[in-house]
Structure formats: structure tokens, C-alpha cells
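Trainee: Got a structure here, written out as C-alpha cells. Questions coming.
What follows is calculated from the coordinates using simple rules that are stated; it is not laboratory data. It should be emphasised that the depicted structure is a prediction, and the values quoted were computed from it without experimental measurement. Here Cβ is always computed from backbone atoms with ideal geometry, including for glycine, and neighbour counts include all displayed protein chains.
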Amino acid sequence: MSVNEIASVDGTVAKVVIAGEADPAWVLSQGAQWHRLPADTSLASLLALSSADLASVLASPHPKIDLAANAVELCPPVDTTTEIWAAGVTYLQSQQARTAESAVPDVYDRVYEADRPELFFKSIGWKASGPGDPVAVRDDSGWNVPEPELALVVNSRGEIVALTICNDVSSRSIEGENPLYLPQAKVYLGSCAIGPWLVPVSSVDPHNLEISMTITRDGAVIWSDRTSTAKLKRTIQELVDALFTAAVYPEGAILSTGTCLVPADPFTLMPGDSVEISIEGIGTLTNLVLATSDSEMVATIAARRPNRAGGVA
């Protein structure tokens, strides 16, 4: 996917690696052109600002950069230390699927109706895959699915300032065996993809966005469906308020809001599959599926491991 595809969406922020430059750069779309943000920009520095101050920074003049003239790679739009969280059982279809798979089905019935939502830690930033990066399925799981989700970019004050896409890859067999195995089903090498960029929430209505997912195997589409965020049971602010209750996020956080597209049994994601997730007004996130033991998967994540100086190893 070309970074120029969304240059017309003012205020969109992307993280890119430009050929010949050692460090990734943060760039901003203004007036159908890309502009380079200051070299010391990080997601943490942007999310330390109030929503009003962030809007002012993104509306200010910045030097233009011709990304079309350079070899550019889109990165996950996060810092190495960004916390990525996720909500579960926020759509009726998800509640029904979890109930059907679980050895303890009433757990999911209760959380769907409860005042308190299910929230869980999904990934630290440096372990997240980005556009075009691989994701993975566990070698010890026989039933694996991608989960396409709208993700909220939240500043340190708990204000939703931008939107992006998350692929919450999961092992349904491990989670279904015992709800206490959820961290193993949800948090592992290659289980989280984020991207392709951050679109300001002011430009998109997050409450009524079409979400679609297409899975391709050996060049043929094997699963495809679409839904809408209008089916979300809880408000997005309700989810953010729960995340920020009794917790602080000085660098902000990303909160994925749960899935409503759940491939039914006996479908399982396999190494070699390609997953394409699109959300209206945001873009498309595409990832190739590998196994967690695949050396390419290990190398992709290891390359982003922060070193002791705070950079990337």
C-alpha cells in the first residue's frame, strides 16, 4: 500500500522508514501532501498533548516531503513502548462465538451483559506487526483466527484523538479450553498487527464504519465478510473510561474495540494465508500469516527490540 493513497486526509499521521535514513520518521498529511514532523517526534510526545494542542500541532506548517520519490516502508504507527490493549465480547456475534467454543460458556454471557467490559493487554509496541509485516498462528493451537477491529488512539488524558486498525490474531482452541488461558490465546509472537496509519477521529464517525475482512489462500479467497461498528454494544468512550479507571498512561495507549467478524468452525487460519482488513475512512491493513516458529516471524519482531539506550536493536 502506498503512503500516497491517503495524502488527501488531512491530519493523518504515519510512521515510515525512508531509504537512506537510519531512523524512522513521523509524517503528516496536509493539503494532499506529506509533511515531515520534527525529528524528535514520537507517538508518546503526540499523545502527551491535549486533543486541542495536538490538533494545533497537526494544523501547523511542517516541511514538505516527497515520499513518492523515495523508497518508503510503512511501520507500525507506534513507539517501542506504546501499550496496546484490547476489549473482548463487545459484539453479539463475538459473544455467541465465544460461548459456543468455551468449556465454560456462561463466562461470556455474563461479561457481555456486565457493566464492566472485558479488557486485556495485547502487545507492547515493539512486538506489534505493521502493514505488510507477518502475523502468526501458534504451533500448539489447532484453531486460529484473525480478528479485525477498530482501534482507538487515546492520549494521556483519556481523550480519543485518532483511529487505526488492529488485527487481534487469536487461538480459539486455547481460549475455549479454559478462559484463564486467554493471555496465551491472545498474547504471543506475531499475534498483533496495527496500522496502516493514524486517522484523526474528527474526520471519521467511529460509531458507523464498515469493517471488512478477506482471507486469501493459494491465490483464492477462502473467507470474506463485512460488518459495521454500529453493532458495537458499548460506546467507545465507555471502553476508554474503563481502561483509564485506576490506571494511568503517560504515553497514551491504543485500545482495540473487539471484533464482530468471526470465521466459524471448522475454519482455521494457516501459515501462508493473507489477511486483508479494511475499515471505511481509515484504510487497509494486510498481513501474511506465518507460524510462531518461523524464522522470518522471529526476525521481524527481534529487529524492533529496543536496546538499552532506548533505541531499536
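Trainee: According to a simple spin-label model (label point 7 Å from Cα along Cα-to-Cβ), what is the distance in nm between ALA264 and ALA59?
Mentor: Result for the modelled spin labels: 4.9 nm.
Trainee: How long is the gain from GLU280 to ALA22 if the chain were fully straight, where each residue apart is worth 0.36 nm and the alpha carbon distance is subtracted?
Mentor: Length difference between fully extended and current span is 89.6 nm.
Trainee: Hey, how many Å between the Cα centroid of region 153-202 and the Cα centroid of region 10-86?
Mentor: 21
Trainee: For every helix of n ≥ 4 consecutive DSSP H residues, a contribution of -39,500 (n - 2.57) applies; sum these over the chain, divide by its total residues, and give [θ] at 222 nm rounded to the nearest 500 deg cm²/dmol.
Mentor: On the way: 8 runs with 60 residues, N = 313.
Result for the chain, helices only: -5000 deg cm²/dmol.
Trainee: Now, a different point. Of the cross-linked pairs LYS15/LYS64; LYS15/LYS122; LYS64/LYS127; LYS15/LYS127, which ones have a Cα-Cα span greater than 24 Å in the structure shown? Could you put the intermediate results ahead of the total?
Mentor: Values: LYS15/LYS64 15 Å; LYS15/LYS122 20 Å; LYS64/LYS127 30 Å; LYS15/LYS127 15 Å.
Beyond 24 Å between Cα atoms: LYS64/LYS127.
Trainee: While we're here: Taking only C-alpha pairs under 8 Å that are 6+ residues apart, what is the relative contact order of region 3-74 in percent?
Mentor: After rounding, I find 36 percent.
Trainee: Moving on. Short version: ³J(HN,Hα) in whole Hz for each residue of region 147-159, in order, from phi by Karplus 6.51 cos²θ - 1.76 cosθ + 1.60 (θ = phi - 60°), x for Gly and Pro, what are they?
Mentor: 10, x, 9, 6, 10, 9, 9, 10, 7, 5, 8, x, 8
Trainee: Given the chain, what whole percent of its Cα pairs are spread farther than 30 Å?
Mentor: When all Cα pairs of the chain are counted, 29 percent exceed 30 Å.
Trainee: Considering amide H positions built from the backbone, and no H for Pro or chain starts, which residues 5 or more places from VAL89, or on another chain, come under 5 Å of its amide H?
Mentor: It is THR259, by chain and number.
Trainee: Give me the percent of DSSP beta bridges within region 83-302 that run antiparallel, rounded to the nearest 5.
Mentor: If we restrict to bridges inside region 83-302, about 85 percent are antiparallel.
Trainee: Pull up all non-local amide H partners of LYS122: gap of 5 or more, or a different chain, and H-to-H distance under 5 Å with H placed in the peptide plane.
Mentor: The list, which skips near neighbours in sequence, is ILE84, TRP85, ALA86.
Trainee: When the Karplus curve 6.51 cos²θ - 1.76 cosθ + 1.60 is applied with θ = phi - 60°, which whole-Hz ³J(HN,Hα) does each residue of region 26-42 get, with x for Gly and Pro?
Mentor: 9, 10, 10, 8, 9, x, 6, 9, 8, 10, 8, 7, x, 4, 8, 5, 9
Trainee: I need the phi-derived Karplus couplings for region 196-209: 6.51 cos²θ - 1.76 cosθ + 1.60, θ = phi - 60°, integer Hz, Gly and Pro marked x.
Mentor: So the J values, rounded to whole Hz, are x, 7, 10, 9, x, 5, 5, 9, 9, 8, x, 8, 8, 10.
Trainee: Just subtract the alpha-carbon distance of GLN237 and GLU296 from 0.36 nm times their residue separation and send over the number in nm, one decimal. Each step should come with its number before you reach the end.
Mentor: Details: separation 59, 0.36 × 59 = 21.24 nm, distance 3.76 nm.
Working it through step by step, the gained length comes to 17.5 nm.
Trainee: Just the Cα atoms of region 120-206: what Rg and Dmax do they give in Å?
Mentor: Here Rg and the maximum Cα pair distance are 14.2, 42 Å.
Trainee: For ILE165, list long-range residues whose amide hydrogen, built 1.01 Å from N in the peptide plane, is under 5 Å from its own amide hydrogen.
Mentor: When sequence neighbours closer than 5 places are left aside, the close amide H contacts are ALA151, GLY195, TRP197.
Trainee: So if each residue of separation counts as 0.36 nm, and I subtract the Cα-Cα distance between SER228 and SER203, what length gain in nm does that give?
Mentor: Extra length from SER228 to SER203 when fully extended: 7.3 nm.
Trainee: Below 8 Å between Cα atoms, with a sequence gap of 6+, how large is the relative contact order for the chain in percent?
Mentor: On the way: 759 pairs, mean separation 69.2, N = 313.
The normalised contact order for the chain reaches 22 percent.
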